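Beneath this line is the structure, given in structure tokens, with notes to follow.
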Ligand code: HEM
């Protein structure tokens, strides 16, 4: 009797890889699953197999936007989310985009990231304790960094619930994502005349190039800009949340990083490896028959790549569930690989490093206010995110408040 393949995704926890995923990585790195639409797909979870799919042009991300392709979720991903860089290229904005979200970007200088991070940490320390790290620090800081980078005003911007709602997957996600995304799209659309006039931030620079080329409608511009907004908001917020969680799981880590700031980049790299970020898989459609990990994937079939599985592959990362900031860095696949490898990774790492350095400078002690095992996670989100992270924090300043140094 043939057994029904397991349903994927397995879990929405960001602090622990699902047992089914660990099992897949260890014993069957390419296996059949059923997606949220009930469609069969190949889950690829071993490190070598993940890397080979992401690097192989016979697997297409763009084709997932074709409604005729097998789908992971009821929402067919729009072209601006699957062929993003080509959309920017056609609009004449690609070089500016790469400059604007790469490591050397100018719109969010390191000093400014540091100042926004310090202000956010201090305002968290001033709250009555215990306080929620999500609504008190993670989301407001990520929001401040996002709007400053893009050159958008905070007034009139969609709220956190709305921005997070754009990451919904699973049953009903097609209408939920549309409803959640609508205020954000409208807000960005309404900013276009001001961006044209005042040329603020990255979007101000991008729109100047698009207008020169004159080939892109305002609707298309707003879609691309909104995609950038949620790219800079979602994963960076999860990175910060998992960083705070890592600090609370590992007593002594905060002190070590304060005394040894040179260890901060390694700690960020390890949080990016250890944390489970994806609520789903990175989807690809096979353009032709391809063998991966000994399995024959047929032309037109859906493949779901789990970079979380790859980052927990014991063949590459011994004792993968252990958070160890002294591991060799640079091997994880958090930013993907191949032609779609995240072009914002330099900026994302810079924000995470400066954020963690500031946390270590400003916070003497960070303790969870609930057992960490009981943290609730948003269900059905493409990016994992704690609903709340209640904590006690004591500052390095006099009386446990904010530090006095500027
Ligand atoms: C920790 C933070 C981040 C993580 C973990 C992350 C992760 C990823 C991953 C895995 C991909 C590839 C998706 C695939 O292959 O299907 C990707 C693509 C992308 N990311 Fe990021 N990202 C982060 C931050 C950012 C930021 C800050 C920006 C821009 C402001 C950004 C912009 C993009 C864009 C435009 C793409 C599409 C690239 C393409 O389709 O070729 N990301 N990101």
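Just so you know, all these numbers are worked out from the coordinates, no wet-lab data involved. Worth saying up front: this structure is predicted, and the values here are computed from it rather than measured. FYI the Cβ positions are ideal-geometry reconstructions off the backbone, even for glycines, and counts take in every protein chain you see.
The antiparallel fraction among DSSP beta bridges confined to the stretch 6-398 stands at about 85%. Between residue 190 and residue 126, the FRET efficiency estimated from the beta carbon spacing at R0 = 41 angstrom works out to 0.75. By the beta-carbon count within 10 Å of each Cβ, the least crowded to most crowded order of 324, 132, fewest first, is 324, 132. The stretch between residue 110 and residue 256, if pulled fully straight at 0.36 nm per residue, gains 50.3 nm over its current Cα-Cα span. With neighbour counts taken as other beta-carbon atoms within 10 Å, the residues 349, 50 rank, fewest first, as 349, 50. Give me 187, 47 sorted ascending by neighbouring Cβ count inside 10 Å, so fewest comes first. In order of increasing Cβ crowding within 10 Å: 187, 47. Over the residues of the chain, the helix contribution to mean residue ellipticity at 222 nm works out to -14000 deg cm²/dmol, using -39500 (n - 2.57) for each DSSP H run of at least 4.
Seen through its C-alpha gyration tensor, with square-root eigenvalues sorted a ≥ b ≥ c, the chain comes out oblate because a/c lies at 1.5 or above while a/b is not bigger than b/c. Projecting label points 7 angstrom from Cα along Cα→Cβ for residue 365 and residue 119 puts them 3.0 nm apart.
For the stretch 335-393, averaging the sequence separation of C-alpha pairs within contact (under 8 Å, six or more residues apart) and dividing by the residue count gives a relative contact order of 28 percent. In terms of packing, defined here as the mean over residues of other Cβ atoms within 10 angstrom, the peptides 26-36, 142-152 line up highest first as 142-152, 26-36.
Label zone (residue 392, point 7 Å along Cα-to-C-beta; backbone nitrogen cut-off 13 Å) within the stretch 134-161: none.
Taking 7 Å steps out from each Cα toward its Cβ at residue 374 and residue 13 produces label points 1.5 nm apart. If R0 is 45 Å, the Cβ-Cβ spacing of residue 217 and residue 4 corresponds to a FRET efficiency of close to 0.50.
Each Cα pair under 8 Å and six or more residues apart adds its sequence gap; the mean of these over the residue count of the stretch 6-398 is a relative contact order of 29 percent.
For the stretch 1-110, averaging the sequence separation of C-alpha pairs within contact (under 8 Å, six or more residues apart) and dividing by the residue count gives a relative contact order of 16 percent.
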